[in-house]
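Encoded as structure tokens, the structure appears first; notes follow it.
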Amino acid sequence: MDLLQRLQDEFKEALPVRAAAPSDAVDGVTSQAVAAPADATTAQALVAWCGREKVSFIPRGGSTKLEMGARPQSCDLIISTENLNAIIEHDEGNATIAAQTGITLAALNQAVGEQRQFVPLEETGLQSGATLGGIIATNYAGMTRLKYAAPRDLVVGLHAVLSDGRLVKAGSKVVKNVSGYDLNKIFIGSFGNLGLITEVTIRLRPNNAASAVWRGQFKTWQEAIAQARAIFEGPFEPTALRIHAHSATFFVLAQFDGVEKAVQIQMERLPAAVSQDDIGHQAGADGAGELRLRAVLPLQSAAAWAQQAQQLGADQIAWDYGLGIIYAIYSKVPDNAVDVVTKLRAQAQAEGGLVVVERAPHDLKTPDFVWGAPPSAFALMRSLKNTFDAAHVCAPGRFVGGL
Amino acid sequence: METKIKQARSARSHEPRTLVAPTPLVSELQAIVGVDGVIAQSDDLMVYECDAYVAAKQQPKTVVFPTTTEQVAAVVKAANRHQVPVVPRGAGTGLAGGTLAETDSVMIVLSRMNQIQEIDIPNRCALVEAGVVNLHLTRAVSDQGFCYAPDPSSQAACTIGGNIANNSGGPHTLKYGVTVNHTLGVELVLPNGDVVWLGGKVEGIPGYDLLGPCVGSEGTFGIVTRAWVKLTKLPEAANTMLAIFDDFDASAQAVSNIIAAGIIPAALEMLDDVFLPCIEQAYKFGFPLDAAAILLIETDGLKEAAAEEAARAAQICTESGAREVRTAKDEKERKHLWAARKGAFGALGRTSPSYVTQDGVVPRSRLAEMLKEVKRIAQEHDVRVANVFHAGDGNLHPCILFDERDTSQLPRVLEAGEAILKRCIDFGGSVTGEHGIGVEKINLMEYAFTPETLGAMKDLRNVFNPDNLFNPSKLLPSSRGCIEVGKAYQNAASAIEKGMTFLRRGVPL
């Protein structure tokens, strides 16, 4: 019996389910069905059923980051969170919101915006429609991470369902909590590999009274780096600080938020800006390219790495100065893509850094090509996977070392 | 009671030390760390029978002071061969009994691993050994305009390794985050003696975030021997204010109003009228002795931003009923204020012979409501409570005062404490914001978490510590939940009988 029929027989009308289309494929791996549970109880029952029946699944939100992660070993079922989109509780006074994971970031921000608050998360530069769950599952942070931190530091509670049917309720809604192990962390950035995250509680920030973007244009790496460094080390508190290199043109983008006077003074301390374009659109490099690498490097090694990536054919470099994060973007996949990645990864690792491939042709996306060789704690990670997903049905093969 | 202790000590001192032959395990440990790196004599071990949670005491069998990661690993392997539990310890300032020894255990004290191995200012991080004292790291980088942000009140004594074990906080974590937000990577000696790194010098190392739960795992995942930690740029300016309230509830409401208004102060602390006379006597700052509560508010950042946020916070305090808002006029006065705040617990001895402190957290929106509950619970149990807390985080430290000479008080004290923490959970909060579970709050874990979630925690512990020989009976309740509760009370009661003083010294928070 095919999977669609089995799901219909098992869950009847409680579970919206349809046959998968070719466009539902993940990294070219096609699935048989797409299920979109509309409540947490059904989601839990579905994941438990997948565990019992050995049906592999990949959770899917807005699909904006589905290109990240290694090519799945198998994906019988897509679990779409599109119907899990309720706001559970917006506690304005506590500056937190709890919501189901299928809600979009835009919808969340709309809900809290009325109370002059916002969710300090970002979509990738080029695509909209990212969901809370997708951002958390990938621990995705854009350039405002410099001030607002990454999901890892913002999530205070979450619910996840495991393939053995358990519902894990990590953390709570308070902003400071050391009771027991912080189970939030192992699910954040786990790429759906340990279970399905159904609900998240996250910290909010108050709206900024003022906001401004400074943009300077430079002719050389040296000039651009000197400017970024002056902002990073000087009397500034940037929300974001990025060097954007497009062949031989270099921009430095700095975003300032906060009280009006402070924003104004920081802008005045800088030379005349090139333009005041919205930094988000200007630097939408995070989501771009046919081959895209994300490196993390100590500061002193970053410039050399960025230049090497350019020499090896990258059209664009986006360097989040102060975070040590560099995106190398190739608008076309070079013929020697594997060599390029191998070289750049070796250079980063020699300096204590790392490279993750965020986007690449499907056939290249082995776990080691995407993530690099497994880290020293891999035996612990495998043990965790075997404990939390003994059935090995949660996004199998997507993660480090083929977990 | 004093006499009893003296008698006990003199009895022990008659034991002829030199006649005790080292056990095979002690010999092995001495071979690893040297003779002066091992303590195995009962009277020397007394120092290590408890941390700052003194209600339960147990001497370890042996205490070891390794100086390298390799020595730690070798000690762990030796303990494994002899199948004895291992208990890690830093400076022993923990408040929840997280370093309480097990019978027959080897205690590994990290105090001799106290080197700052690398300071990397451009990358804003440092590599430190676990025994480095928190404040020493800040002192080492302050000339260059940096600090190590987590600042527990015990920062002059507590170690980075201990901070990591407990995911410690402090007043300035409101804006800057707790230890987990400042830990980039740890070198961990696993319970089987293997050494691994979780995380590293840079963020984002692929794989599950095992570093996250390792921070705050209270020594149950292994022993952290070294860590890469973040350094934080000191703010250009800081404004510190004292808002004085005649009405306690109004001060709590002011906290909620400040958070709701979208201000993120660097610190937002509250002290009540029981604390005020004590710290005034101790620190002579000029605190108002007739006030019902004070808020200590600090804003920082760029000069203009810090000033504007301070003005707004002051206005909200006034609107919420503050009778006066004072601003620290210079850095000296600011430091004086903070010294008084961080010494608050130590000053409490002036009004009460003993106290137990709690560490509950509630949503900031329910702070005023929770403080009323604390009062109600105190009345119901006929105990006095002094309040000091990290109000901006919703993190309460109600101190229940008592006199251990009156043994009838203790059950009421413990019951009141438990009632307060249960209310914190009912309000959507937590039983501990920064002190940890240890042995103290282990019986509340089943109230706070579902069996499935506790099961997942146990699974996670087993990934690291499958034989549960590493700091066993901490953090997670065993299957004998009810017995554990009974034991906690028994331990506390027997501590009283022995004439031990409850948390009398300057206790950090």
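The values are calculated or read from the model by the stated rules, or taken from the named source; none is laboratory data. For clarity, every value in this text was computed on a predicted model and none was experimentally measured. A quick note on method: Cβ atoms are made from the backbone with ideal geometry, for glycine too, and the neighbour counts reach across all protein chains shown.
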Checklist entry - Just a yes or no: is a residue in region B:154-163 crowded, with 19+ Cβ neighbours inside 10 Å and within 12 Å of another protein chain (Cβ to nearest Cβ)? => result yes
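To keep it simple, each residue is scored yes or no on (1) free of Cβ contacts under 8 Å to residues at least 12 places away in the same chain; (2) among the aliphatic types (A, V, I, L, M); (3) in a loop (DSSP other than H, G, I, E, B); (4) more than 9 Å from every other protein chain (Cβ to nearest Cβ).
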{"position": "B:Gly170", "(1), (2), (3), (4)": "no, no, yes, yes"}
{"position": "B:Lys175", "(1), (2), (3), (4)": "no, no, no, yes"}
{"position": "B:Glu187", "(1), (2), (3), (4)": "no, no, no, yes"}
{"position": "B:Lys201", "(1), (2), (3), (4)": "no, no, yes, no"}
{"position": "B:Gly204", "(1), (2), (3), (4)": "yes, no, yes, no"}
{"position": "B:Asn239", "(1), (2), (3), (4)": "no, no, no, yes"}
{"position": "B:Ala252", "(1), (2), (3), (4)": "no, yes, no, yes"}
{"position": "B:Val255", "(1), (2), (3), (4)": "no, yes, no, yes"}
{"position": "B:Pro265", "(1), (2), (3), (4)": "no, no, yes, yes"}
Checklist outcome for this item: In the set B:Ala344, B:Ala378, B:Ala386, B:Ala391, the lone residue that is modelled with pLDDT under 90, more than 11 Å from chain A (Cβ to nearest Cβ) and either buried (at least 21 other Cβ atoms within 10 Å of the Cβ) or in contact with a strand residue (DSSP E or B) (Cβ under 7 Å, 6 or more places away or on another chain) (or both) is B:Ala344
Next on the checklist: Test of understanding: among A:Ile197, A:Ile188, which residue is buried (at least 24 other Cβ atoms within 10 Å of the Cβ) and more than 26 Å from B:Pro152 (Cβ to Cβ)?
Outcome noted: A:Ile197
Checklist entry - Does A:Ile78 count as β-branched (Val, Ile, Thr), more than 27 Å from A:Ala240 (Cβ to Cβ) and either surrounded by fewer than 23 Cβ atoms within 10 Å (Cβ to Cβ) or in contact (Cβ under 8 Å) with a residue 12 or more places away in the chain (or both)? => result yes
Next on the checklist: Looking for something in contact (Cβ under 8 Å) with a residue 40 or more places away in the chain, under 22 Å from the mean Cα position of the chain (by Cα) and farther than 27 Å from A:Ser179 by Cα - is there at least one such residue anywhere in region B:73-95?
Outcome noted: no
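Within region B:189-199, take every residue that is within 14 Å of B:Val229 (Cα to Cα) and surrounded by 21 or more Cβ atoms within 10 Å (Cβ to Cβ) and give me the one that is nearest to the other protein chains (Cβ to nearest Cβ).
Out of the qualifying residues, it is B:Leu198.
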Checklist entry - If you go through region B:82-122 one residue at a time, how many are farther than 13 Å from B:Gly219 by Cβ and outside any loop (DSSP other than H, G, I, E, B)? => result 5
Next on the checklist: Given the criteria among the polar types (S, T, N, Q), surrounded by fewer than 20 Cβ atoms within 10 Å (Cβ to Cβ) and at pLDDT below 95, does B:Thr93 qualify?
Outcome noted: no
Next on the checklist: I'd like to check which strands (runs of 3 or more DSSP E) are fully inside region A:64-108 and have at least 1 residues that are of a type in the set (D, E, K, R) and within 14 Å of chain B (Cβ to nearest Cβ).
Outcome noted: A:87-91
Item to check | Exclusive hit being within 25 Å of the chain's Cα centre (by Cα) and either part of a strand (DSSP E or B) or outside the structural domain of A:Pro151 (by TED's automatic domain parsing) (or both), set A:Glu223, A:Glu199 | outcome: A:Glu199
Checklist entry - Which members of region A:283-333 meet the condition of being touching a Ser or Thr at 6+ places or on another chain (Cβ under 8 Å), assigned to a loop (DSSP other than H, G, I, E, B) and either on the phi > 0 side of the Ramachandran plot or of a type in the set (Asp, Glu) (or both)? => result A:Gly289, A:Glu290, A:Asp315
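Conditions tested, residue by residue: (1) part of a loop (DSSP other than H, G, I, E, B); (2) at pLDDT 95 or above; (3) facing chain A (nearest Cβ under 7 Å).
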residue	(1), (2), (3)
B:Arg423	no, yes, no
B:Glu434	yes, no, yes
B:Glu440	yes, no, no
B:Leu454	no, yes, no
B:Met457	no, yes, yes
B:Val463	no, yes, yes
B:Asn468	yes, no, no
B:Ser473	yes, no, no
B:Ser478	yes, no, no
Checklist entry - Out of region A:334-358, which residues are in a loop (DSSP other than H, G, I, E, B) and surrounded by fewer than 21 Cβ atoms within 10 Å (Cβ to Cβ)? => result A:Pro334, A:Asp335, A:Asn336, A:Glu351, A:Gly352
Item to check | Residues of region A:86-127 classified as of a type in the set (S, T, N, Q), closer than 26 Å to A:Val296 by Cβ and surrounded by fewer than 18 Cβ atoms within 10 Å (Cβ to Cβ), total | outcome: 1
Item to check | Unique match (being buried (at least 23 other Cβ atoms within 10 Å of the Cβ), within 9 Å of another protein chain (Cβ to nearest Cβ) and not aromatic (Phe, Trp, Tyr)) among A:Val178, A:Val155 | outcome: A:Val178
Checklist entry - Of the numbered conditions (1) more than 10 Å from chain A (Cβ to nearest Cβ); (2) modelled with pLDDT of 90 or more, B:Glu484 satisfies every one except a single condition; which is it? => result (2)
